[in-house]
Amino acid sequence: MPEIKAEVERRYLQRRLDELRGVHDAAREKLALARVPLPMPDSLIQARLRADRARQANRATRDAMHAASARLDAIKAAEPRGFAVLAAWIGGRARRLRQEAAEAAEDARRARERHEDANRLSGVFQAASEAEAERVAIERVQAAAARRQLVEVAEHELAVAAVAAKLLRTDPSLVSLSATDLRWRADKELRHHHRIGEQHLYAPRPKLPG
């Protein structure tokens with residue numbers, strides 16, 4: 001399937017882009033360390049660098065979510081029958097993903113406020129400020145990783161929806177299947193073309209009658 005091949009190529013290019021971003025981030029980190037005045041504590045320097053990386057990851061996540069939304073619109077226009085079968089399930093999944101992303105963004109906002117409060121501490125509170133900055137940086141990195149994982153799940157579900165729509169088009173009798181069984185068959189077909197391992201599966205095989 002051309003769209004599956006394109007999706008595999010897109011994921012490969014995305015991995016390469018992530019690797020290049022990692023190299024770029026490492027270079028920025030070295031440059032930032034060279035420019036930071038010596039009196040600034042090392043832990044605070046590292047916390048600011050981690051915060052920069054978290055912001056970059058957040059921007060990349062937003063771009064990926066916009067792209068995923070555009071692909072979903074394209075699927076809806078090209079395969080209305082298949083989309084109608086899975087629309088309710090996908091809609092619920094998308095709402096949960098948006099809610100989780102909003103919660104992650106709120107956590108990041110609160111962490112940023114705590115980080116700003118910590119930066120205002122001085123004197124006898126310096127040690128507490130450094131510890132708080134370190135913890136906030138860790139929270140931001142974890143939040144960014146969680147958002148990236150949400151995007152990967154959403155992209156997988158969109159790919160499954162596209163395969164399910166094509167299965168319905170080639171075999172209209174599949175419309176009698178439940179949404180769960182149809183999704184499982186589409187997921188199996190997608191994994192067959194991708195040749196991925198069991199560690200990348202997103203849904204267990206449903207129990208079929210008989």
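Scanning the stretch 161-179 for residues that are of a type in the set (D, E, K, R), surrounded by fewer than 17 Cβ atoms within 10 Å (Cβ to Cβ) and assigned to a helix (DSSP H, G or I) gives a single hit, 169.
The residues listed here are 116, 189, 134; of these, the one that is among the acidic types (Asp, Glu), at pLDDT below 80 and either surrounded by 15 or more Cβ atoms within 10 Å (Cβ to Cβ) or closer than 27 Å to residue 66 by Cβ (or both) is 134.
Every condition in (1) of a type in the set (Asp, Glu); (2) at pLDDT 70 or above; (3) surrounded by fewer than 16 Cβ atoms within 10 Å (Cβ to Cβ) is met by residue 42 except one, and the failing one is (2).
The values are calculated or read from the model by the stated rules, or taken from the named source; none is laboratory data. Please read all numbers here as calculations on a predicted model, not as lab measurements. For neighbour counting, all protein chains shown are included, and Cβ atoms are generated from backbone atoms with ideal geometry for every residue, glycine included.
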